Structures are given as structure tokens and as C-alpha cells.
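Report on the following structure.
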Amino acid sequence: MAVVLGILILLLMILLIPVRVSAGASSGEAPHAVLRWLFLSIPLFPRPKRKKAEDKSEPSKPDGKKEKPKRSLKPLLTELLARFDRLSRPVQRLLRRTGLARVSLRLVVKGEDAAATALRFGRANAAVYSATAALDRIFSLRVERIEIIPGFSAEQEEYSCSGEIRLFPLAVLIAALQLGFWTLIALIRSAGGRDTHENENRRAQPVRRKEECYGKQASHQ
């Protein structure tokens, strides 16, 4: 019994160790991401480059298709929040328990002139803080720094961002059990509703037959 209890405590401690994905990107470097859990450290980006076979085929020519117009950020955030509201409660709770920590952003915006720079600066602030509010509603968000600078004297636009995703395996297990329990309850209720409907139809059939018989007798009279 003590051995089983010790194993259960060990499994619980392992499930309480969060899985972490650290990621970052900047204008001068390629994006990078590393997954860490226990003693594991798995690089996600950049992936190791593979030697590409020489392609002797002719270079593809542009097909001349027009680029699709870019959607603004506000409708995308509205759609994202609407989809979050349509999710089941276990999934919503799991996302709320998912932490976005150590979020940092530095952005230097620049336009063709001072007026364009000021306009881009205002749009960047609106977009960044709207996205932050949406993410804070879905996840457990912790922001370390957000710095948006109008680059009136900068040569070009620059950006750098980093953050960390934290998720407890125990939270995933609890969400999976809750989702399975809710699905089972829904199936049982659905099956019970069908049985009730069939029983009502069976009870109603003799009554309908009697009414039809009475109607025929009345018509003959």
C-alpha cells in the first residue's frame, strides 16, 4: 500500500511540473522556440536545415494572381473571442489555466514622414493593446514590458518580442476527464430522450386507432 501511495504522489508531483515553451523573435534574428519539461529541452524553431536536392526544373513563374486583401485586426479579435465563447467549459478553463508569462514587446514604427509615423504609431498602439486585452480574456496573461516608439529619426522599423507559455499536465488531465464526463452525460440524456419519445408514440397509437374507429362508425351512421 505504501508503494502504491508513493507512486501516486510521484505521479502527482510530475503532473504539477509545468510544460514551458519559450519563444522569441526580432527584426534582426530568426524566430526561436524551445519546449522544456522536466529534464527535456526540445528546440522547436529554428529547425535543423536539411540538405535540399538539386532541382533542375525551371523556376516557377509568377501566376499573376492578385493578393488577397488583408483583414483588419479588430474583426479577427472579435471572431477569436466569439469562438472562445462557443467552446465548452472544460476547454475554456484549460485555456484560462494556460499562462502566457514574461511577455515582452518592443516596437519601433516609422512612416514616410512625421505625419505618417504618428499615424502608424497610433495604429500600432491600438492593435497591440487590443490584442493584449483579447489574450488576457482567454489566457492567464502576464506582461513584463510593452514599448512602442515612434521612430521619427530611425532608419527603419524594428521589433523584438518574447514570451513563455506555461501549461500544467494536471490541468490537461482534468479538462480531458471533465470533457469526457460531459460528453457521456449528453449521450445518456440524448438516448433517454429518444426512448421517452418512442414510448409516447407507442402509447398514442392505440388512442389514434380508437379515434379512427369511432370516426368510421360515425360516418356509417
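A short reminder: the numbers here are calculations on the coordinates, not readings from a lab. Note that this is a predicted model, so its numbers are computed, not measured. Virtual Cβ from ideal backbone geometry, glycine too; neighbours counted across all protein chains shown.
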Label-to-label distance, nm, for residues given as residue 44 and residue 13 (7 Å Cα→Cβ offset): 2.8
Charge tally in the Cβ shell below 13 Å around residue 145, where Lys, Arg are +1 and Asp, Glu are -1, residue 145 excluded: +1
Approximate spin-label separation residue 76-residue 35, in nm, with each point projected 7 Å along Cα-to-Cβ: 2.5
Neighbour net charge for residue 130 - beta-carbon separation under 12 angstrom, K R +1, D E -1: +2
In order through the range 28-41: 3J(HN,Hα) via Karplus (6.51 cos²θ - 1.76 cosθ + 1.60), integer Hz, x for Gly, Pro: x, 9, 6, x, 9, 8, 9, 9, 10, 7, 6, 9, 8, 9
The range 68-112: trypsin sites (Lys or Arg not before Pro) falling in loop per DSSP and having at most 15 other Cβ within 10 Å: 70, 71
Local electrostatic count at residue 178 - Lys and Arg +1, Asp and Glu -1, tallied over other residues with Cβ under 15 Å: +4
Relative contact order for the range 109-181, counting Cα pairs under 8 Å that sit 6 or more residues apart, in percent: 38
For residue 110, residues with placed amide H under 5 Å, excluding near neighbours: 151
